[in-house]
Amino acid sequence: HRGEEAIQYNEEALVIARELDDRAFQAVCLANRVQVRSAGYGQIVETTPDAEEALRLSKGIENPQLLALTLIFAGGAFQWRGDFDRSLGYLHEGAEVAERSHAGFLWGSAAFMIGHANTAKGNYEEALRWYHRLSDYASAAGDKFWIARAPNIMGGVHLEVYDLDEAIRLNLEGDEVAHRTFPWPEPRGHSLLKVGLVHLHRGELGRAEEFLGRAWALLEGDTWYRWRWHVPLLRARGELAVAQGKHEEAWTFAEQSLEMARQSDSKKHVARAQRLQGEILAARGDLEGGVRLLEESVQLAETIKTPREVWLGKAGLGKVLARMGKDKQAEAELSRAAEVIEAILGKLQT
(Lines give C-alpha, C1' and ligand atoms only; values in the text may rest on other atoms or scores of the structure.)
Protein backbone atom coordinates (compact mmCIF):
# COMPACT_ATOMS: atom_id res chain seq x y z
CA HIS A 1 0.00 0.00 0.00
CA ARG A 2 2.96 2.33 -0.61
CA GLY A 3 1.80 3.45 -4.03
CA GLU A 4 4.41 6.02 -5.00
CA GLU A 5 7.33 3.68 -4.28
CA ALA A 6 5.59 0.86 -6.11
CA ILE A 7 5.09 3.07 -9.16
CA GLN A 8 8.73 4.21 -9.12
CA TYR A 9 10.19 0.70 -9.02
CA ASN A 10 7.72 -0.61 -11.58
CA GLU A 11 8.50 2.16 -14.08
CA GLU A 12 12.23 1.42 -13.74
CA ALA A 13 11.51 -2.27 -14.39
CA LEU A 14 9.39 -1.41 -17.44
CA VAL A 15 12.26 0.58 -18.98
CA ILE A 16 14.57 -2.43 -18.59
CA ALA A 17 11.96 -4.87 -19.95
CA ARG A 18 11.55 -2.71 -23.06
CA GLU A 19 15.32 -2.43 -23.55
CA LEU A 20 15.51 -6.23 -23.42
CA ASP A 21 12.41 -6.59 -25.62
CA ASP A 22 11.02 -8.98 -22.99
CA ARG A 23 7.30 -9.15 -23.80
CA ALA A 24 6.39 -11.12 -20.68
CA PHE A 25 7.96 -8.65 -18.28
CA GLN A 26 6.54 -5.73 -20.23
CA ALA A 27 3.09 -7.25 -19.75
CA VAL A 28 3.77 -7.77 -16.04
CA CYS A 29 4.95 -4.19 -15.59
CA LEU A 30 1.98 -2.76 -17.47
CA ALA A 31 -0.35 -4.91 -15.36
CA ASN A 32 1.40 -3.66 -12.21
CA ARG A 33 0.90 -0.09 -13.42
CA VAL A 34 -2.80 -0.77 -13.88
CA GLN A 35 -3.09 -2.35 -10.45
CA VAL A 36 -1.27 0.35 -8.50
CA ARG A 37 -2.67 3.38 -10.28
CA SER A 38 -6.23 2.08 -10.33
CA ALA A 39 -6.29 0.54 -6.85
CA GLY A 40 -4.44 3.39 -5.20
CA TYR A 41 -5.70 6.40 -7.10
CA GLY A 42 -8.74 5.43 -9.17
CA GLN A 43 -6.94 6.24 -12.44
CA ILE A 44 -9.14 3.94 -14.52
CA VAL A 45 -9.29 6.08 -17.66
CA GLU A 46 -5.54 6.66 -17.65
CA THR A 47 -4.66 2.97 -17.24
CA THR A 48 -7.21 1.36 -19.58
CA PRO A 49 -4.76 1.56 -22.55
CA ASP A 50 -2.10 -0.10 -20.38
CA ALA A 51 -4.55 -2.89 -19.51
CA GLU A 52 -5.29 -3.47 -23.20
CA GLU A 53 -1.59 -3.42 -24.15
CA ALA A 54 -0.72 -5.86 -21.32
CA LEU A 55 -3.42 -8.20 -22.62
CA ARG A 56 -2.15 -7.94 -26.20
CA LEU A 57 1.39 -8.81 -25.09
CA SER A 58 0.31 -11.68 -22.86
CA LYS A 59 -1.65 -13.39 -25.64
CA GLY A 60 1.59 -14.22 -27.42
CA ILE A 61 3.22 -15.80 -24.38
CA GLU A 62 2.70 -19.29 -22.93
CA ASN A 63 1.92 -18.07 -19.42
CA PRO A 64 -1.69 -18.80 -18.43
CA GLN A 65 -1.56 -16.97 -15.10
CA LEU A 66 -0.27 -13.82 -16.81
CA LEU A 67 -3.01 -14.14 -19.42
CA ALA A 68 -5.63 -14.55 -16.68
CA LEU A 69 -4.29 -11.49 -14.88
CA THR A 70 -4.38 -9.26 -17.94
CA LEU A 71 -7.81 -10.49 -19.04
CA ILE A 72 -9.23 -9.75 -15.59
CA PHE A 73 -7.60 -6.31 -15.37
CA ALA A 74 -9.01 -5.36 -18.77
CA GLY A 75 -12.43 -6.69 -17.77
CA GLY A 76 -12.30 -4.79 -14.50
CA ALA A 77 -11.58 -1.50 -16.25
CA PHE A 78 -14.53 -1.87 -18.60
CA GLN A 79 -16.80 -3.05 -15.78
CA TRP A 80 -16.13 0.12 -13.78
CA ARG A 81 -16.54 2.31 -16.87
CA GLY A 82 -19.97 0.85 -17.66
CA ASP A 83 -19.14 -1.28 -20.73
CA PHE A 84 -20.61 -4.37 -19.07
CA ASP A 85 -20.95 -6.73 -22.03
CA ARG A 86 -17.36 -6.16 -23.14
CA SER A 87 -16.25 -6.51 -19.55
CA LEU A 88 -18.02 -9.85 -19.08
CA GLY A 89 -16.34 -11.28 -22.18
CA TYR A 90 -12.89 -10.61 -20.72
CA LEU A 91 -13.86 -11.64 -17.19
CA HIS A 92 -15.41 -14.99 -18.11
CA GLU A 93 -12.37 -15.87 -20.22
CA GLY A 94 -10.08 -14.75 -17.40
CA ALA A 95 -12.01 -16.86 -14.88
CA GLU A 96 -11.69 -19.94 -17.10
CA VAL A 97 -7.94 -19.47 -17.59
CA ALA A 98 -7.40 -18.79 -13.87
CA GLU A 99 -9.36 -21.90 -12.91
CA ARG A 100 -7.41 -24.11 -15.33
CA SER A 101 -4.10 -22.77 -13.98
CA HIS A 102 -5.20 -23.05 -10.32
CA ALA A 103 -4.81 -19.31 -9.74
CA GLY A 104 -7.36 -18.99 -6.94
CA PHE A 105 -6.95 -15.33 -6.08
CA LEU A 106 -7.21 -14.32 -9.75
CA TRP A 107 -10.32 -16.46 -10.17
CA GLY A 108 -11.75 -14.65 -7.14
CA SER A 109 -11.05 -11.30 -8.80
CA ALA A 110 -12.93 -12.39 -11.90
CA ALA A 111 -15.87 -13.75 -9.90
CA PHE A 112 -16.05 -10.52 -7.88
CA MET A 113 -16.30 -8.34 -10.98
CA ILE A 114 -18.58 -10.72 -12.90
CA GLY A 115 -20.96 -10.34 -9.97
CA HIS A 116 -20.67 -6.55 -10.13
CA ALA A 117 -21.35 -6.42 -13.87
CA ASN A 118 -24.42 -8.64 -13.50
CA THR A 119 -25.69 -6.55 -10.59
CA ALA A 120 -25.42 -3.43 -12.73
CA LYS A 121 -27.28 -5.18 -15.57
CA GLY A 122 -30.10 -6.19 -13.21
CA ASN A 123 -29.20 -9.89 -13.39
CA TYR A 124 -29.41 -10.31 -9.64
CA GLU A 125 -29.69 -14.10 -9.53
CA GLU A 126 -26.58 -14.48 -11.68
CA ALA A 127 -24.74 -11.93 -9.53
CA LEU A 128 -25.61 -13.83 -6.35
CA ARG A 129 -24.55 -17.12 -7.93
CA TRP A 130 -21.06 -15.74 -8.60
CA TYR A 131 -20.84 -14.07 -5.20
CA HIS A 132 -21.76 -17.34 -3.48
CA ARG A 133 -19.14 -19.17 -5.54
CA LEU A 134 -16.60 -16.54 -4.48
CA SER A 135 -17.58 -16.94 -0.83
CA ASP A 136 -17.26 -20.73 -1.06
CA TYR A 137 -13.82 -20.46 -2.65
CA ALA A 138 -12.64 -17.92 -0.07
CA SER A 139 -13.76 -20.07 2.87
CA ALA A 140 -12.22 -23.23 1.44
CA ALA A 141 -8.92 -21.53 0.57
CA GLY A 142 -8.73 -19.33 3.67
CA ASP A 143 -8.36 -16.35 1.34
CA LYS A 144 -8.88 -13.43 3.72
CA PHE A 145 -8.95 -10.82 0.95
CA TRP A 146 -12.19 -12.30 -0.39
CA ILE A 147 -13.51 -13.53 2.97
CA ALA A 148 -13.57 -9.87 4.05
CA ARG A 149 -15.65 -8.86 1.00
CA ALA A 150 -18.10 -11.71 0.46
CA PRO A 151 -20.88 -10.69 2.90
CA ASN A 152 -21.13 -7.05 1.82
CA ILE A 153 -21.24 -7.76 -1.91
CA MET A 154 -24.10 -10.21 -1.38
CA GLY A 155 -25.75 -7.68 0.91
CA GLY A 156 -25.48 -5.13 -1.89
CA VAL A 157 -27.69 -7.24 -4.15
CA HIS A 158 -30.37 -7.47 -1.45
CA LEU A 159 -30.11 -3.71 -0.91
CA GLU A 160 -30.65 -3.01 -4.62
CA VAL A 161 -33.99 -4.86 -4.60
CA TYR A 162 -35.00 -3.41 -1.20
CA ASP A 163 -34.73 -6.69 0.72
CA LEU A 164 -33.66 -4.57 3.66
CA ASP A 165 -33.62 -7.14 6.47
CA GLU A 166 -31.23 -9.41 4.60
CA ALA A 167 -29.19 -6.43 3.38
CA ILE A 168 -28.57 -5.16 6.90
CA ARG A 169 -27.82 -8.64 8.26
CA LEU A 170 -25.20 -9.35 5.60
CA ASN A 171 -23.56 -5.93 5.82
CA LEU A 172 -23.33 -5.98 9.60
CA GLU A 173 -21.75 -9.41 9.22
CA GLY A 174 -19.45 -7.97 6.55
CA ASP A 175 -18.28 -5.19 8.86
CA GLU A 176 -17.56 -7.66 11.66
CA VAL A 177 -15.78 -10.17 9.40
CA ALA A 178 -13.67 -7.49 7.68
CA HIS A 179 -12.74 -5.94 11.03
CA ARG A 180 -11.55 -9.35 12.25
CA THR A 181 -9.76 -10.61 9.13
CA PHE A 182 -8.49 -7.68 7.04
CA PRO A 183 -6.10 -4.87 8.03
CA TRP A 184 -7.34 -2.19 5.60
CA PRO A 185 -10.61 -0.23 5.76
CA GLU A 186 -12.05 -0.63 2.25
CA PRO A 187 -14.37 -3.64 2.83
CA ARG A 188 -15.59 -2.14 6.11
CA GLY A 189 -16.30 1.15 4.36
CA HIS A 190 -18.55 -0.61 1.86
CA SER A 191 -20.38 -2.51 4.60
CA LEU A 192 -21.01 0.51 6.83
CA LEU A 193 -22.13 2.58 3.84
CA LYS A 194 -24.73 -0.04 2.94
CA VAL A 195 -25.97 -0.32 6.52
CA GLY A 196 -26.43 3.45 6.49
CA LEU A 197 -28.42 3.21 3.26
CA VAL A 198 -30.71 0.56 4.76
CA HIS A 199 -31.52 2.90 7.65
CA LEU A 200 -32.03 5.77 5.18
CA HIS A 201 -34.50 3.69 3.15
CA ARG A 202 -36.36 2.91 6.39
CA GLY A 203 -36.53 6.58 7.30
CA GLU A 204 -34.29 6.06 10.34
CA LEU A 205 -32.26 9.20 9.71
CA GLY A 206 -30.35 9.23 12.99
CA ARG A 207 -29.12 5.67 12.51
CA ALA A 208 -28.32 6.41 8.86
CA GLU A 209 -26.21 9.38 9.91
CA GLU A 210 -24.43 7.25 12.50
CA PHE A 211 -23.35 4.53 10.07
CA LEU A 212 -22.50 6.89 7.22
CA GLY A 213 -20.39 8.84 9.72
CA ARG A 214 -18.58 5.65 10.74
CA ALA A 215 -17.83 4.91 7.10
CA TRP A 216 -16.66 8.50 6.57
CA ALA A 217 -14.23 8.19 9.49
CA LEU A 218 -12.48 5.31 7.68
CA LEU A 219 -11.62 7.39 4.61
CA GLU A 220 -8.32 8.57 6.06
CA GLY A 221 -7.21 5.04 6.94
CA ASP A 222 -5.90 4.10 3.49
CA THR A 223 -6.10 5.16 -0.16
CA TRP A 224 -6.32 1.64 -1.64
CA TYR A 225 -9.66 1.31 -3.46
CA ARG A 226 -10.97 4.21 -1.40
CA TRP A 227 -12.48 5.85 -4.51
CA ARG A 228 -14.76 2.84 -5.01
CA TRP A 229 -16.69 3.56 -1.84
CA HIS A 230 -15.97 7.29 -1.54
CA VAL A 231 -18.08 8.01 -4.65
CA PRO A 232 -21.25 6.28 -3.36
CA LEU A 233 -20.62 7.49 0.20
CA LEU A 234 -20.69 11.12 -0.97
CA ARG A 235 -23.95 10.44 -2.77
CA ALA A 236 -25.42 8.68 0.28
CA ARG A 237 -24.60 11.67 2.45
CA GLY A 238 -26.32 13.83 -0.14
CA GLU A 239 -29.42 11.61 -0.02
CA LEU A 240 -29.44 11.86 3.77
CA ALA A 241 -29.13 15.64 3.59
CA VAL A 242 -32.14 15.80 1.22
CA ALA A 243 -34.17 13.74 3.69
CA GLN A 244 -33.15 16.18 6.42
CA GLY A 245 -34.15 19.18 4.30
CA LYS A 246 -30.53 20.39 4.01
CA HIS A 247 -30.58 21.13 0.30
CA GLU A 248 -27.37 23.17 0.03
CA GLU A 249 -25.40 20.49 1.86
CA ALA A 250 -27.02 17.81 -0.31
CA TRP A 251 -26.00 19.66 -3.49
CA THR A 252 -22.38 19.89 -2.33
CA PHE A 253 -22.20 16.15 -1.70
CA ALA A 254 -23.91 15.36 -5.03
CA GLU A 255 -21.47 17.60 -6.93
CA GLN A 256 -18.49 15.95 -5.26
CA SER A 257 -19.81 12.48 -6.01
CA LEU A 258 -20.44 13.44 -9.64
CA GLU A 259 -16.96 14.91 -10.03
CA MET A 260 -15.26 11.78 -8.64
CA ALA A 261 -17.45 9.52 -10.79
CA ARG A 262 -16.53 11.47 -13.92
CA GLN A 263 -12.83 11.41 -13.07
CA SER A 264 -12.88 7.61 -12.98
CA ASP A 265 -15.46 7.38 -15.81
CA SER A 266 -17.95 5.42 -13.72
CA LYS A 267 -21.03 6.05 -15.83
CA LYS A 268 -23.30 4.19 -13.43
CA HIS A 269 -22.29 6.48 -10.58
CA VAL A 270 -22.55 9.54 -12.85
CA ALA A 271 -26.17 8.59 -13.57
CA ARG A 272 -26.87 8.14 -9.86
CA ALA A 273 -25.33 11.49 -8.93
CA GLN A 274 -27.29 13.25 -11.68
CA ARG A 275 -30.50 11.67 -10.41
CA LEU A 276 -29.75 12.96 -6.92
CA GLN A 277 -29.11 16.44 -8.31
CA GLY A 278 -32.44 16.34 -10.12
CA GLU A 279 -34.19 15.31 -6.91
CA ILE A 280 -32.48 18.15 -5.01
CA LEU A 281 -33.57 20.77 -7.56
CA ALA A 282 -37.13 19.45 -7.45
CA ALA A 283 -37.09 19.55 -3.64
CA ARG A 284 -35.98 23.19 -3.85
CA GLY A 285 -38.90 23.96 -6.15
CA ASP A 286 -36.92 24.15 -9.40
CA LEU A 287 -39.08 21.58 -11.18
CA GLU A 288 -37.85 22.36 -14.71
CA GLY A 289 -34.23 22.00 -13.62
CA GLY A 290 -35.07 18.78 -11.80
CA VAL A 291 -36.69 17.31 -14.91
CA ARG A 292 -33.66 18.22 -17.04
CA LEU A 293 -31.18 16.47 -14.76
CA LEU A 294 -33.42 13.46 -14.23
CA GLU A 295 -33.74 13.10 -18.00
CA GLU A 296 -29.94 13.25 -18.36
CA SER A 297 -29.60 10.54 -15.72
CA VAL A 298 -32.13 8.27 -17.44
CA GLN A 299 -30.57 8.82 -20.86
CA LEU A 300 -27.16 7.75 -19.56
CA ALA A 301 -28.64 4.76 -17.72
CA GLU A 302 -30.40 3.64 -20.90
CA THR A 303 -27.15 4.01 -22.85
CA ILE A 304 -25.17 1.76 -20.50
CA LYS A 305 -28.19 -0.50 -19.90
CA THR A 306 -28.47 -0.32 -16.12
CA PRO A 307 -32.17 -1.05 -15.54
CA ARG A 308 -32.32 -0.09 -11.89
CA GLU A 309 -31.11 3.41 -12.70
CA VAL A 310 -33.70 3.65 -15.48
CA TRP A 311 -36.43 2.49 -13.07
CA LEU A 312 -35.54 4.99 -10.33
CA GLY A 313 -34.90 7.82 -12.79
CA LYS A 314 -38.21 7.29 -14.58
CA ALA A 315 -40.03 7.06 -11.25
CA GLY A 316 -38.45 10.33 -10.14
CA LEU A 317 -39.36 11.98 -13.42
CA GLY A 318 -42.97 10.85 -13.08
CA LYS A 319 -43.27 12.37 -9.63
CA VAL A 320 -41.84 15.73 -10.69
CA LEU A 321 -43.97 15.88 -13.86
CA ALA A 322 -47.06 15.14 -11.79
CA ARG A 323 -46.20 18.09 -9.55
CA MET A 324 -46.00 20.22 -12.69
CA GLY A 325 -49.49 19.13 -13.74
CA LYS A 326 -48.17 17.20 -16.76
CA ASP A 327 -50.24 14.13 -16.01
CA LYS A 328 -49.92 12.32 -19.34
CA GLN A 329 -46.14 12.65 -19.37
CA ALA A 330 -46.01 11.62 -15.72
CA GLU A 331 -48.11 8.54 -16.44
CA ALA A 332 -45.84 7.56 -19.34
CA GLU A 333 -42.70 7.83 -17.18
CA LEU A 334 -44.23 5.91 -14.27
CA SER A 335 -45.51 3.22 -16.63
CA ARG A 336 -42.01 2.81 -18.05
CA ALA A 337 -40.61 2.56 -14.51
CA ALA A 338 -43.13 -0.19 -13.75
CA GLU A 339 -42.16 -2.04 -16.95
CA VAL A 340 -38.52 -2.02 -15.91
CA ILE A 341 -39.42 -3.38 -12.48
CA GLU A 342 -41.41 -6.18 -14.14
CA ALA A 343 -38.46 -6.99 -16.40
CA ILE A 344 -36.15 -7.25 -13.38
CA LEU A 345 -38.73 -9.33 -11.52
CA GLY A 346 -39.03 -11.71 -14.45
CA LYS A 347 -35.39 -12.79 -13.99
CA LEU A 348 -35.71 -13.56 -10.28
CA GLN A 349 -36.35 -17.01 -8.87
CA THR A 350 -35.75 -16.40 -5.16
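The values are calculated or read from the model by the stated rules, or taken from the named source; none is laboratory data. Only a predicted model underlies this, so the values are computations on that prediction, with no experimental measurement involved. Because the Cβ atoms are built from the backbone with ideal geometry, glycine has one as well, and the counts that use them run over all protein chains shown. Accessible surface is based on the protein model in full, side chains and every heavy atom, while ligands, DNA and RNA are left aside. Shrake-Rupley method; radii C 1.70, N 1.55, O 1.52, S 1.80 Å.
Decide, for the range 1-119, between rounded, prolate and oblate: order the square roots of the alpha carbon gyration tensor eigenvalues as a ≥ b ≥ c, take rounded if a/c falls under 1.5, and otherwise choose prolate if a/b is larger than b/c, else oblate.
Note, shape of the range 1-119 comes out oblate.
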## Note on the structure
A chain fully extended from Glu125 to Glu255 at 0.36 nm per residue, minus the present Cα-Cα distance, gains in nm 43.5 nm
### Query
Expressed as a whole number of Å, what is the distance separating the alpha-carbon centroids of the range 257-301 and the range 1-76?
34
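Calculated FRET efficiency, Lys305 and Glu19, Cβ-Cβ r, R0 56 Å, to nearest 0.05?
Values: r = 44 Å, r/R0 = 0.79.
That pair, Lys305 with Glu19, gives E of 0.80.
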## Note on the structure
Pseudo-spin-label distance Val45 to Thr350, built 7 Å along Cα→Cβ, given in nm, is 3.7
### Message
Within 10 Å of each candidate Cβ there may be at most 10 other Cβ atoms; applying that plus a DSSP loop requirement, which GluC sites (Glu not before Pro) in the range 1-80 survive?
### Response
Glu62
### Task
Indicate the gyration tensor shape class of the range 146-303 (rounded, prolate or oblate), computed on the Cα atoms with a ≥ b ≥ c the square roots of the eigenvalues: a/c under 1.5 is rounded; otherwise a/b larger than b/c is prolate and the rest oblate.
prolate
### Task
Calculate the dipole size of the chain relative to its Cα centre from +1 charges on Lys and Arg beta carbons and -1 charges on Asp and Glu beta carbons; express the result in debye to the nearest 20.
540
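I'd like the FRET efficiency for Ala141 and Glu220, computed as 1/(1 + (r/R0)^6) with the beta carbon distance as r and R0 of 35 Å, rounded to 0.05.
Working: r = 31 Å, r/R0 = 0.90.
According to the calculation, E is roughly 0.65.
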### Query
Simple spin-label model, 7 Å along Cα-to-Cβ: Glu339 to His92 in nm?
2.7
#### Entry: the range 196-322 - percent of accessible surface contributed by carbon and sulfur, probe 1.4 Å
48
### Message
Taking the square root of 5 times each eigenvalue of the Cα gyration tensor, what semi-axes in Å does the equivalent ellipsoid of the chain have, largest first?
### Response
36, 21, 20
### Message
Once neighbouring chains are kept in place and the probe is 1.4 Å, which whole percent of the accessible area of the range 105-168 is contributed by carbon and sulfur?
### Response
56
#### Entry: Cross-link partners of Lys314 among lysines (Cα-Cα below 25 Å; sequence separation of 8 or more within a chain)
Lys121, Lys194, Lys246, Lys267, Lys268, Lys305, Lys326, Lys328, Lys347
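Once you order the gyration tensor axes a ≥ b ≥ c over the Cα atoms, which shape class does the range 215-350 get: rounded for a/c under 1.5, otherwise prolate or oblate by comparing a/b with b/c?
Judged from the Cα gyration tensor, the range 215-350 comes out oblate (a/c at least 1.5, b/c at or above a/b).
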### Query
Under a 1.4 Å probe, what is the accessible area of the range 66-205 per residue, stated in Å²?
36
